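The numbers here are math on the coordinates, done by the rules we state, and not lab data. As the structure is a computational prediction, the values presented were derived from the model and not from experiment. Cβ placement follows ideal geometry from the backbone for every residue including glycine, while neighbour counts extend to all protein chains displayed.
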């Protein structure tokens with residue numbers, strides 16, 4: 001089977017995006033999705049998105065992590081999906097765009113072909129985890145959910161790649177966060193209202209160049225525990241994301257860059273058991 005796709009990234013967080021109106025995938029082809037996201041055997045990506053029409057929204061979004069499993073939402077993925085859907089005629093307006101997922105609806109704004117913003121509900125207050133902070137010799141560790149679970153680790157300096165992976169894996173599988181596990185962000189303060197961050201993503205099981213829901217988590221934790229004022233910039237290796245809060249409503253806006261890398265056609269085997277090894 002030959003499937004047209006678009007490769008996109010949001011601040012370095014990269015995705016395979018498929019206009020699924022012809023019904024190329026049902027979303028149950030877990031081995032196939034994992035193969036497509038494999039950086040050696042397939043196209044390579046942090047995740048895959050299926051974009052389809054929706055009866056109660058401007059379009060529907062199904063997101064899958066690189067391990068082949070579906071995820072609740074991806075902040076940078078949703079921003080890329082807004083640009084993709086707008087430029088393929090799913091809708092004509094640029095503000096108040098509605099995205100349907102399997103869990104809930106989101107609103108978004110299309111700024112231009114290189115930038116988009118998605119709105120998220122303000123999460124419940126984060127929890128401080130002093131015992132875990134002492135285990136990894138960090139200033140503080142905070143835990144919360146911004147659509148998916150996130151740990152935010154505050155350190156004086158960002159560690160190198162090997163330490164990011166070591167700390168990320170340790171906290172990803174820490175008993176405190178089981179059975180679901182968690183994403184792991186490590187932050188330092190660059191200046192007032194500006195964080196530097198690196199992230200280890202659950203489902204990718206590696207460091208990624210950015211994370212949208214991770215940026216939300218970093219900003220929420222910095223506002224709650226470090227008294228940082230909105231808006232807050234979160235600088236990942238792949239780019240800078242801005243998190244701001246609506247004045248009159250309990251919502252946060254995640255805004256940042258979007259890039260379309262290339263279009264292509266991939267040929268994949270017809271058979272798929274739906275099972276992951």
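Using the structure shown, decide if residue 116 is crowded, with 21+ Cβ neighbours inside 10 Å, closer than 30 Å to residue 259 by Cβ and touching a helix residue (DSSP H, G or I) at 6+ places or on another chain (Cβ under 6 Å). Yes. Filtered by the rule that a residue be in a loop (DSSP other than H, G, I, E, B) and touching a residue at least 24 places away in the same chain (Cβ under 8 Å), the range 3-23 gives 11, 12, 20, 21.
Determine whether residue 135 is free of Cβ contacts under 8 Å to residues at least 40 places away in the same chain and over 16 Å from the mean Cα position of the chain (by Cα). Criteria met by residue 135.
Would you confirm, using the coordinates I've provided, whether residue 18 is farther than 24 Å from residue 241 by Cβ and crowded, with 20+ Cβ neighbours inside 10 Å? Yes: the conditions hold for residue 18. So, residue 266, is that one part of a helix (DSSP H, G or I), touching a strand residue (DSSP E or B) at 6+ places or on another chain (Cβ under 9 Å) and farther than 25 Å from residue 161 by Cβ or not? Spelling it out, it is not the case that residue 266 is part of a helix (DSSP H, G or I), touching a strand residue (DSSP E or B) at 6+ places or on another chain (Cβ under 9 Å) and farther than 25 Å from residue 161 by Cβ.
Residue check: residue 76 meets all listed conditions (1) under 20 Å from the mean Cα position of the chain (by Cα); (2) within 22 Å of residue 218 (Cβ to Cβ); (3) surrounded by fewer than 21 Cβ atoms within 10 Å (Cβ to Cβ) but one, namely (3). Are any of the residues in the range 222-237 assigned to a strand (DSSP E or B), touching a residue at least 60 places away in the same chain (Cβ under 8 Å) and out of contact with any helix residue (DSSP H, G or I) (no Cβ under 7 Å at 6 or more places or on another chain)? Among the residues of the range 222-237, at least one is assigned to a strand (DSSP E or B), touching a residue at least 60 places away in the same chain (Cβ under 8 Å) and out of contact with any helix residue (DSSP H, G or I) (no Cβ under 7 Å at 6 or more places or on another chain), which makes the answer yes. Checked against (1) crowded, with 18+ Cβ neighbours inside 10 Å; (2) out of contact with any strand residue (DSSP E or B) (no Cβ under 6 Å at 6 or more places or on another chain); (3) farther than 16 Å from residue 258 by Cβ, residue 28 meets all criteria but (1).
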